[in-house]
Amino acid sequence: QTLLLEVMTRHGVQLPGGNFERGFDEGMAPATPVTPGSFATPLAMMSSTTGNDRISAAFAFGILAGRAGRAASPQELNAAGVALVQMLGAADRRSRIAGARVAGRVFTVPFDARVFTPVPAGLVDALFEMLNRDSEIEQLAAMDALGRMRQTAAVASLTERYYFYRDDRKRALAGGALEALARIGDASTI
């Protein structure tokens with residue numbers, strides 16, 4: 001993590017207690033411009049490490065790339081997408097959750113977007129697989145990512161989940177499905 005901390009410090013990001021997830025949650029942003037080479041370390045670690053190092057690298061990439069991946073090039077976003085697909089399929093639940101959260105942020109489609117950034121192959125499928133896991137936290141992370149990515153293919157599934165969770169009195173999950181539907185904003189949504 002020392003290399004990641006150096007990258008963050010070089011871009012003026014002072015992580016609270018050196019905690020990448022907390023910095024991600026607090027919406028920290030680089031104080032200095034992010035150059036293309038800045039993503040090399042997080043991308044390499046996302047692809048070649050496991051566990052806490054991989055999770056920290058994903059959150060570091062998310063911080064540096066910013067909302068909708070604005071600071072990253074299309075090639076860097078694609079490389080990150082490939083690594084995030086690997087994370088979403090990992091045996092480690094924490095890696096899957098981190099992968100979904102970072103994917104949701106860097107592939108967010110703003111409401112005023114006229115052109116959607118292509119999502120790397122397999123990413124949406126991996127998020128749908130995550131929706132079918134038993135863990136409610138994983139389901140929420142997947143719903144959030146699909147909503148932020150404005151995936152209209154998720155409307156039917158999210159609508160069914162909303163009604164199921166509402167009828168089962170699972171307010172957090174019903175709210176997650178409803179929020180994702182609102183973000184997608186598809187005309188077919190009831």
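Entry remark, segment 24-64: residues being among the aliphatic types (A, V, I, L, M) and loosely packed, with under 15 Cβ neighbours inside 10 Å number 3 in total.
Going by the structure shown, is Ser135 in contact (Cβ under 8 Å) with a residue 40 or more places away in the chain and surrounded by 17 or more Cβ atoms within 10 Å (Cβ to Cβ)? Lay out the reasoning, then the answer.
Values: in contact (Cβ under 8 Å) with a residue 40 or more places away in the chain: yes; surrounded by 17 or more Cβ atoms within 10 Å (Cβ to Cβ): no.
No, not satisfied.
Scanning segment 10-20 for residues that are open to solvent by 80 Å² or more (accessible area, probe 1.4 Å) and either under 15 Å from Ala58 (Cα atoms) or assigned to a helix (DSSP H, G or I) (or both) yields Arg10, Gly17. Scanning segment 164-190 for residues that are of a type in the set (S, T, N, Q) and open to solvent by less than 50 Å² (accessible area, probe 1.4 Å) turns up just one, Thr189.
Annotation note: of Ala83, Ala103, the sole residue that is open to solvent by less than 10 Å² (accessible area, probe 1.4 Å) and farther than 27 Å from Tyr162 by Cβ is Ala83. Restricting the first member to segment 100-122 and to residues that are under 23 Å from Met28 (Cα atoms), and the second to residues that are open to solvent by 20 Å² or more (accessible area, probe 1.4 Å) and in a loop (DSSP other than H, G, I, E, B), the beta-carbon pairs closer than 6 Å and six or more apart or on different chains are Phe107/Val119; Val109/Phe116; Val109/Arg150. A Cβ distance below 6 Å, combined with a sequence gap of six or more or placement on separate chains, defines the contacts here; from segment 14-42, residues that are free of Cβ contacts under 8 Å to residues at least 24 places away in the same chain reach residues that are in a loop (DSSP other than H, G, I, E, B) in the pairs Ala31/Gly12; Thr32/His11; Thr32/Gly12. The selection criterion, being open to solvent by less than 30 Å² (accessible area, probe 1.4 Å) and of a type in the set (Val, Ile, Thr), does not hold for Val119. Only one of (1) open to solvent by 30 Å² or more (accessible area, probe 1.4 Å); (2) closer than 30 Å to Ser38 by Cα; (3) at pLDDT 95 or above fails for Asp112. Which number is that? For Asp112, the exception is condition (3).
The values are calculated or read from the model by the stated rules, or taken from the named source; none is laboratory data. Because the structure is predicted, anything quoted here is derived from the model rather than measured. All Cβ positions, even for glycine, are placed from backbone atoms using ideal geometry, and neighbour counts span all protein chains on display. SASA here: full protein model, heavy atoms, side chains in, ligands and nucleic acids out. Shrake-Rupley method; radii C 1.70, N 1.55, O 1.52, S 1.80 Å.
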